[in-house]
1. (1) exposed (fewer than 15 other Cβ atoms within 10 Å of the Cβ); (2) assigned to a helix (DSSP H, G or I): which one isn't true of residue 48, the others all being true?
2. Quick one: is residue 68 out of contact with any Leu (no Cβ under 7 Å at 6 or more places or on another chain), without any contact (Cβ under 8 Å) to a residue 40 or more places away in the chain and loosely packed, with under 11 Cβ neighbours inside 10 Å?
3. Is there any pair linking a residue in the stretch 26-53 that is among the acidic types (Asp, Glu) to one that is part of a helix (DSSP H, G or I), with Cβ under 7 Å and at least six apart or on different chains, and which?
4. For residue 36, only one of the following conditions fails: (1) more than 16 Å from the chain's Cα centre (by Cα); (2) surrounded by 12 or more Cβ atoms within 10 Å (Cβ to Cβ). What is its number?
Amino acid sequence: MKNKMFEQVLEESPKYLKIYASKSLDLIDQIDEIMSSLKMSSSDLAKELGKNPSEISKWLSGGHNMTLKTISKLEAVFNQDIILTKNKVKPRLDIDRIKLNFNQKRGKLVAMGNTDHELRPVSNGR
């Protein structure tokens, strides 16, 4: 059961704090997934970083505001990215730039934005 007091505090919080809390939890989940895939314990991570295990525990429980420097150190230990910037991600379909608009008069889909290609609807046999 969720704590009603926590829910009320969260609801009354400014938008940026809600975003911060969400991203912090996402970051911790990502780190946990990477550590699991590497079969790395928090003690192992502490040794790799020259930190006390209690400090790593604090990081992984959300009690630490991770800086980019801290995240970069973790990425170096894991030998993989934890977070990706938009410039590093090369999506197959650029959803941010293409919006589909159904043109009812012509009965076809038209890609709006960074392209002028026409997208033809798939026939359903009718």
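1. In the conditions (1) exposed (fewer than 15 other Cβ atoms within 10 Å of the Cβ); (2) assigned to a helix (DSSP H, G or I), residue 48 misses (1) alone.
2. Yes: the conditions hold for residue 68.
3. 32/60; 48/77
4. All conditions pass for residue 36, except number (2).
To keep it simple, each residue is scored yes or no on (1) under 22 Å from the mean Cα position of the chain (by Cα); (2) small (Gly, Ala, Ser); (3) at pLDDT 55 or above.
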residue	(1), (2), (3)
51	no, no, yes
67	yes, no, yes
81	yes, no, yes
120	no, no, no
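The values are calculated or read from the model by the stated rules, or taken from the named source; none is laboratory data. These numbers were taken from a predicted model, which means no experiment stands behind them. Cβ sites come from the backbone with ideal geometry, for glycine too, and all protein chains shown count toward neighbours.
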